[in-house]
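**Student:** One structure, pasted below without further comment.
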Amino acid sequence: MAHPFTPPGTTVVVTGGAGGIGRALAERFLAEGAARVIVADLDPERVERTVAELGERAHALVLDVTDEAAVTAAVAAVEREHAPIDLWCSNAGVAAGRDLGAAADWDLSWRVHVLAHVHVARALLPRMVERGHGHLLVTASAAGLLTNLDAAPYSVTKHGAVALAEWLAIRHAGTGVGVSCLCPQGVNTAMTAGDGPTAATRLGGAYLEPEDVAEATITALRDGRFLVLPHPEVADYERRRAEDRDRWLGGMARAWARVRGVGAE
Ligand SMILES: NC(=O)c1ccc[n+]([C@@H]2O[C@H](COP(=O)([O-])OP(=O)(O)OC[C@H]3O[C@@H](n4cnc5c(N)ncnc54)[C@H](O)[C@@H]3O)[C@@H](O)[C@H]2O)c1
């Protein structure tokens, strides 16, 4: 469905680029020959430090991806000051709230995990369609294909991210614009630094390093695949979920009981 994307000579923007998966993506795109990578994140100092570490082809962009006017202005500024954007990695994310969460957790998760992708789709994809070329990578999560037992706001809004990426991929078929969706399970980043040994995400298996996620992303983009699964077993889990939803829900309930250290119903 997606078009193959190869980095040499391209202009790439990575949101949430000042750490974790975003930073690893930025580093890898540079290593693969991107002409420039724009590292976009909230905190000016973290952005500047990252860009200084990544070298002269890395550029800083202080951006709150939930601010639609700022995203629109950033797209225009990057294209005016640098070059047409070949790839936008919509990667910023938050871990807001546990269990059912509070209203503020839902609001923030919705704005970062769903609306931020809508903002960039509005601002950038028409430009790409006009050029007949470009790519959007949405970082969702395996939680968006399966679930995250610890946090409903995260799980539900990541499902929203997957649904939006699918919708965009379908609606841009034949335009020259590709859309991909990155769905890792656990990855060792600041987001998961507080995960104890009983964190539900650990049930899914070993955590990867951000560099492993960048490797899987490069491969999937080159192959023109929509879904990027750094943990390949997620495809099997998703198949089992679709084949027999009641069985899958039962299995997840037993997993949750194990996490809490009590017997399953
Ligand atoms: N770490 C994991 O286990 C894991 C698993 C699946 C998916 N993900 C997703 O991967 C993406 C990257 O997460 P990570 O693990 O590297 O975590 P991280 O906390 O290291 O990085 C997230 C980055 O997003 C930035 N950010 C947050 N809100 C922003 C906003 N409004 N505007 C701009 N930047 C903002 C943060 O400042 C941070 O640098 C997220 O979307 C996350 O949900 C992570």
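The values are calculated or read from the model by the stated rules, or taken from the named source; none is laboratory data. Keep in mind that what you see is a predicted model, and the values were worked out from it rather than measured. Note: ideal-geometry Cβ built from the backbone for every residue, glycine included; neighbour counts use all protein chains shown.
**Student:** What are the residue pairs meeting all of these: first residue in region 84-98, first residue under 25 Å from Gly194 (Cα atoms), second residue more than 16 Å from the ligand (Cβ to nearest atom) and part of a loop (DSSP other than H, G, I, E, B), Cβ atoms under 9 Å, and 6 or more apart or on different chains?
**Tutor:** Note: pairs meeting the criteria are Ala96/Ala102.
**Student:** If I filter region 76-86 for residues that are within 14 Å of the ligand (Cβ to nearest atom), of a type outside the set (S, T, N, Q), at pLDDT 95 or above and surrounded by 18 or more Cβ atoms within 10 Å (Cβ to Cβ), do I get at least one hit?
**Tutor:** no
**Student:** Just to check your reading of the model, which residue among Ala52, Ala24, Ala34 is away from the ligand (no atom under 11 Å from the Cβ) and closer than 20 Å to Ala216 by Cα?
**Tutor:** Ala34
Yes or no, residue by residue, for (1) surrounded by fewer than 17 Cβ atoms within 10 Å (Cβ to Cβ); (2) among the aromatic types (Phe, Trp, Tyr); (3) outside the structural domain of Leu87 (by TED's automatic domain parsing):
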| position | (1), (2), (3) |
| --- | --- |
| Lys158 | no, no, no |
| Gly204 | no, no, no |
| Trp256 | yes, yes, yes |
| Val259 | yes, no, yes |
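**Student:** Looking at region 180-198, can you tell me whether even one residue there is more than 12 Å from the ligand (Cβ to nearest atom), touching a residue at least 40 places away in the same chain (Cβ under 8 Å), under 26 Å from His135 (Cβ atoms) and not hydrophobic (A, V, I, L, M, F, W, C)? Reasoning before the result, please.
**Tutor:** Step one: of region 180-198, the residues more than 12 Å from the ligand (Cβ to nearest atom) are 180, 196-198.
From what is left, the residues that are touching a residue at least 40 places away in the same chain (Cβ under 8 Å) are 180, 198.
From what is left, the residues that are under 26 Å from His135 (Cβ atoms) are 180.
Checking the rest, the ones that are also not hydrophobic (A, V, I, L, M, F, W, C) come to 180.
Yes, region 180-198 contains a residue that is more than 12 Å from the ligand (Cβ to nearest atom), touching a residue at least 40 places away in the same chain (Cβ under 8 Å), under 26 Å from His135 (Cβ atoms) and not hydrophobic (A, V, I, L, M, F, W, C).
**Student:** Failed condition for Ala173, given (1) in a helix (DSSP H, G or I); (2) modelled with pLDDT of 95 or more, with all others met?
**Tutor:** (1)
**Student:** State yes or no: is Asp99 more than 16 Å from the ligand (Cβ to nearest atom), more than 27 Å from Arg222 (Cβ to Cβ) and at pLDDT 95 or above?
**Tutor:** Taking the combined requirement at face value, the residue satisfies it.
**Student:** Next question, about the same structure. Tell me, please, whether a residue that is assigned by TED's automatic domain parsing to the domain that holds Gly186, within 22 Å of Ala165 (Cβ to Cβ) and touching a Lys or Arg at 6+ places or on another chain (Cβ under 9 Å) can be found in region 47-62.
**Tutor:** No: region 47-62 contains no residue that is assigned by TED's automatic domain parsing to the domain that holds Gly186, within 22 Å of Ala165 (Cβ to Cβ) and touching a Lys or Arg at 6+ places or on another chain (Cβ under 9 Å).
**Student:** Further, regarding this structure: Can you list the strands (runs of 3 or more DSSP E) lying wholly within region 1-68 that have 2 or more residues being among the small types (Gly, Ala, Ser) and modelled with pLDDT of 95 or more?
**Tutor:** It comes to 58-62.
**Student:** Let me ask another. Please tell me if Leu42 is crowded, with 23+ Cβ neighbours inside 10 Å and closer than 25 Å to Leu30 by Cα.
**Tutor:** No, not satisfied.
**Student:** Answer yes or no as to whether Glu211 is in contact with a Leu (Cβ under 8 Å, 6 or more places away or on another chain), charged (D, E, K, R) and not in a strand (DSSP E or B).
**Tutor:** Working: in contact with a Leu (Cβ under 8 Å, 6 or more places away or on another chain): no; charged (D, E, K, R): yes; not in a strand (DSSP E or B): yes.
No: the conditions fail for Glu211.
**Student:** Also, quick follow-up: Counting only residues that are farther than 23 Å from Phe5 by Cβ and surrounded by 17 or more Cβ atoms within 10 Å (Cβ to Cβ), which one in region 207-237 is farthest from the chain's Cα centre (by Cα)?
**Tutor:** Out of the qualifying residues, it is Tyr237.
**Student:** Restricting attention to region 141-155, which residues are more than 13 Å from the ligand (Cβ to nearest atom) and surrounded by fewer than 20 Cβ atoms within 10 Å (Cβ to Cβ)?
**Tutor:** Ala152
**Student:** For a quick check of your reading of the model, give me the residue pairs whose first member lies in region 117-132 and is acidic (Asp, Glu), whose second is loosely packed, with under 14 Cβ neighbours inside 10 Å, with beta-carbon atoms closer than 8 Å and at least 6 apart or on different chains.
**Tutor:** So the pair list comes out empty.
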